[in-house]
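J.: Quick one: this structure, given as structure tokens, is what I'll be asking you about.
The values are calculated or read from the model by the stated rules, or taken from the named source; none is laboratory data. It should be emphasised that the depicted structure is a prediction, and the values quoted were computed from it without experimental measurement. FYI the Cβ positions are ideal-geometry reconstructions off the backbone, even for glycines, and counts take in every protein chain you see.
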Amino acid sequence: MEHSRTADRLRHGAFLGAVLVLVCASGPLNAQEVYKSVDADGHVVYSDRAGSKNAPKTAVHVEAPDPAEAARLAKEQEILKAEDLQRTRQQTLDANSKAREDHAKQVACDNARNYYYRLKDSNRIYQRDPDGNRVFYSDSEADALRERARRAMTAACGS
């Protein structure tokens with residue numbers, strides 16, 4: 001939503017900048033008669049053609065803008081554009097960082113869950129000694145190992 005508002009401001013500013021450049025280049029303008037009406041959405045519309053036979057004419061007087069103000073507005077638009085670009089880049093970096101973090105958490109959860117279920121489903125749990133022989137845990141040691149694995153899974157997965 002914030003990005004949408006910024007984009008709208010940039011488009012509006014670009015339009016104003018283009019109008020200012022055109023007005024500055026053309027010199028002072030004379031007053032012209034235009035027709036003012038309100039559309040179905042309630043927006044005021046100015047046109048050189050009448051929307052109906054009894055549409056009121058309105059005189060619009062346009063003064064040449066100050067070139068210094070036009071330059072200031074153009075610079076302001078460039079600054080806004082640069083800030084928006086920087087904000088977009090930062091949001092992309094943050095989103096990528098969060099995705100990597102979420103992936104790492106999911107991998108840790110999957111590993112902890114797999115380890116717990118492997119221990120839970122094993123009848124006898126063992127470890128290897130330096131010679132490569134199996135050394136079996138007692139029932140109480142195996143139960144304690146399973147409980148530690150369950151707690152690690154709960155901590156990694158959150159449930």
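J.: When both residues are 6+ apart or on different chains and their Cβ atoms are under 6 Å apart, which pairs have a first residue that lies in the stretch 144-156 and is more than 9 Å from ALA112 (Cα to Cα), and a second that is of a type in the set (A, V, I, L, M) and surrounded by 12 or more Cβ atoms within 10 Å (Cβ to Cβ)?
T.: Matching pairs, first to second residue: ARG146/LEU119.
J.: Would you say ASP84 is touching a helix residue (DSSP H, G or I) at 6+ places or on another chain (Cβ under 6 Å), part of a helix (DSSP H, G or I) and not hydrophobic (A, V, I, L, M, F, W, C)?
T.: Yes, satisfied.
J.: Inside the stretch 65-78, can you point out the residues that are touching a helix residue (DSSP H, G or I) at 6+ places or on another chain (Cβ under 7 Å) and surrounded by fewer than 13 Cβ atoms within 10 Å (Cβ to Cβ)? Break it down stepwise before answering.
T.: Of the residues in the stretch 65-78, the ones touching a helix residue (DSSP H, G or I) at 6+ places or on another chain (Cβ under 7 Å) are 65, 67, 70, 73-74, 77.
Hit for the stretch 65-78 is PRO67, nothing else.
J.: Same structure again: When the stretch 104-147 is examined, which residues are found to be among the hydrophobic types (A, V, I, L, M, F, W, C) and either exposed (fewer than 12 other Cβ atoms within 10 Å of the Cβ) or within 16 Å of GLY158 (Cα to Cα) (or both)? Lay out the reasoning, then the answer.
T.: Going through the stretch 104-147, the residues among the hydrophobic types (A, V, I, L, M, F, W, C) turn out to be 104, 107-109, 112, 119, 125, 135-136, 142, 144-145.
If the condition is that a residue be among the hydrophobic types (A, V, I, L, M, F, W, C) and either exposed (fewer than 12 other Cβ atoms within 10 Å of the Cβ) or within 16 Å of GLY158 (Cα to Cα) (or both), then ALA104, VAL107, ALA108, CYS109, ALA112, VAL135, PHE136 are the ones that fit.
J.: Follow-up question, since we're still on this one. Anything in the stretch 9-44 that is at pLDDT 60 or above, surrounded by 12 or more Cβ atoms within 10 Å (Cβ to Cβ) and among the β-branched types (Val, Ile, Thr)? List them, or say none.
T.: Matches in the stretch 9-44: VAL34 only.
J.: A further question on this structure: Can you say whether LYS98 is charged (D, E, K, R) and not in a loop (DSSP other than H, G, I, E, B), as far as the supplied structure shows? Break it down into steps so the answer makes sense when it comes.
T.: Working: charged (D, E, K, R): yes; not in a loop (DSSP other than H, G, I, E, B): yes.
In short, yes.
J.: Which ones in the stretch 53-89 are closer than 26 Å to LYS36 by Cβ, among the basic types (Lys, Arg) and in contact (Cβ under 8 Å) with a residue 24 or more places away in the chain?
T.: Across the stretch 53-89, the qualifying residue is only LYS57.
J.: I need every pair where a residue in the stretch 105-123 that is among the aromatic types (Phe, Trp, Tyr) has its Cβ under 8 Å from the Cβ of a residue that is in a helix (DSSP H, G or I), sequence separation at least 6 or different chains.
T.: TYR115/ALA149; TYR115/ALA152; TYR115/MET153; TYR116/ARG146; TYR116/ALA149; TYR116/ARG150; TYR116/ALA152; TYR116/MET153
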